[in-house]
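Worksheet: one structure, shown below.
The values are calculated or read from the model by the stated rules, or taken from the named source; none is laboratory data. Bear in mind the structure is a predicted one, so any value in this text is a computation, not a measurement. Cβ placement follows ideal geometry from the backbone for every residue including glycine, while neighbour counts extend to all protein chains displayed.
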Amino acid sequence: MKATAIAPANIAFIKYWGKKDDDLRLPLNSSFSMNLSGAVTRTTVEFSPDYCKDTVELVGETFSTKEQERVAKSLDAIRTVAQISEHARVVTKNTFPKGAGAAASASGFAALTVAAFAAAGVAVAEKEMTVFARLGSGSACRSIPDGFVLWEEGNSSDSSFAYSLYPHTYWDIRDLLVIVDSGMKKVATSDGMKTIMTSPRFSRRLSAVGGRLTRMNIAMKEKNFAAFGAITEEDCLDMHTVMQSQVPPLMYWNDMTRVVMDAVVAWRNEGLPVYFTIDAGPNIHVLCEPYSQAIILKKLNMLTGVQTVIINTPAPGTQISEDHLF
Ligand code: DP6
């Protein structure tokens, strides 16, 4: 009763910020993302009568009690479906800093869900798997299907699921994840979203997001990088406007975030097709096409304060692996 899964983090081009149901993690709007090849979580789950409680170990880092409880809740839901009662040992390992806006909870809960169902010996269809991953962390549902993924907001647990709009081989968009701070984010996303209604800007974003998704669909269909990048930046800035106008305000950027944002805009004004997007943390995803990756990477590495750049191509969804962590 042991299985391992490898899940990619994902970056949302149309973002999820705010829930209409906290317990079920039903989002206020649909979102669209790409799986990231360079930011991956590997998780091994074993259910055994030898374990007297669930244990969760994150190799090289620590898990808070709150996070342990969140994992236990996911395991409980899976045990109920699998009709088993054994406790689990969970060991998990990231290739990137946890909590740094690189969506560790997305890859973490995607890997946990797929590994736990496999360890319990239950075959689950992809759609249902995304629903279970969503219950652990909303954005985790987008790390299960292949490549470019749409999460339908839905209005019930079963109708809020994710699916692949295009496989990872469809369009070679590069995501250079610029790490400017590898510490934990100040306010966890689940907490930050709770006060979304305090922002006078949130209803305006919600009415704009549907049209933005339609425009994004067209840009994706036409592989129009300039349109894709512009819509992505528009939604990122709109989400951060909401965050920054919440009470209390959520300021996820730091000085370096601003420096990289300004540099991206300046390079674009000089003729380079390059765009940015930022999640709930100070690190920045710089988006470009393969031909301009080397030059942009060189420019990024010349900026003082850039710690590392993780190079991502579009990646497949969560996969089973035989390479166990214990
Ligand atoms: C800003 O999926 O981490 O990255 O469902 O509360 O676990 P919970 O939130 P989470 O939120 C991600 C928010 C975001 C935008 C996005 O990825 O869509």
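Observations
- Residue within segment 77-85 that is more than 30 Å from Val178 (Cβ to Cβ), surrounded by fewer than 23 Cβ atoms within 10 Å (Cβ to Cβ) and within 14 Å of the ligand (Cβ to nearest atom) present: no
- Within segment 138-150, residues that are under 17 Å from Ile6 (Cα atoms) and within 7 Å of the ligand (Cβ to nearest atom) reach partners that are assigned to a strand (DSSP E or B) and of a type in the set (Ser, Thr, Tyr) with beta carbons closer than 9 Å, at six or more positions or on different chains, in the pairs Ser139/Ser31; Ser139/Ser33.
- Among the residues listed as Asn254, Asn224, the single one being in contact with a Pro (Cβ under 6 Å, 6 or more places away or on another chain) and surrounded by 13 or more Cβ atoms within 10 Å (Cβ to Cβ): Asn254
- Flag for Ile295 being under 27 Å from Val149 (Cα atoms) and of a type in the set (A, V, I, L, M, F, W, C): no
- Per-region count, segment 250-275, residues touching a Leu at 6+ places or on another chain (Cβ under 8 Å) and either without any contact (Cβ under 8 Å) to a residue 24 or more places away in the chain or farther than 13 Å from Val306 by Cβ (or both): 2
- Number of positions in segment 162-219 that are touching a His at 6+ places or on another chain (Cβ under 9 Å) and assigned to a helix (DSSP H, G or I): 0
- Counting only strands (runs of 3 or more DSSP E) that fall entirely inside segment 265-326 and contain at least 2 residues that are more than 23 Å from Phe109 (Cβ to Cβ), the qualifying elements are 275-277, 284-288, 308-312.
So that you can scan it fast, the table gives a plain yes or no per residue for (1) at pLDDT below 95; (2) touching an Asp or Glu at 6+ places or on another chain (Cβ under 8 Å):
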{"position": "Ala5", "(1), (2)": "no, no"}
{"position": "Ala12", "(1), (2)": "no, yes"}
{"position": "Lys15", "(1), (2)": "no, yes"}
{"position": "Leu24", "(1), (2)": "no, no"}
{"position": "Ala39", "(1), (2)": "yes, no"}
{"position": "Ser48", "(1), (2)": "no, yes"}
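- Qualifying residue in segment 36-50 (condition: outside any strand (DSSP E or B), under 20 Å from the mean Cα position of the chain (by Cα) and among the hydroxyl-bearing types (Ser, Thr, Tyr)): no
- Qualifying residue in segment 185-196 (condition: touching a helix residue (DSSP H, G or I) at 6+ places or on another chain (Cβ under 6 Å) and farther than 18 Å from Met34 by Cα): yes
- Candidates Ser245, Ser203, Ser156 - the one that is of a type in the set (S, T, N, Q), away from the ligand (no atom under 13 Å from the Cβ) and touching a Ser or Thr at 6+ places or on another chain (Cβ under 9 Å): Ser245
- Among the residues making up segment 27-51, a single one is within 10 Å of the ligand (Cβ to nearest atom) and of a type in the set (A, V, I, L, M, F, W, C): Phe32.
- Yes/no for Phe96 being buried (at least 21 other Cβ atoms within 10 Å of the Cβ), within 11 Å of the ligand (Cβ to nearest atom) and more than 17 Å from Phe132 (Cβ to Cβ): no
- Enumeration of residues in segment 149-182 that are surrounded by fewer than 20 Cβ atoms within 10 Å (Cβ to Cβ), under 30 Å from Ser292 (Cβ atoms) and out of contact with any strand residue (DSSP E or B) (no Cβ under 6 Å at 6 or more places or on another chain): Pro167, Thr169, Tyr170, Trp171, Asp172, Asp181, Ser182
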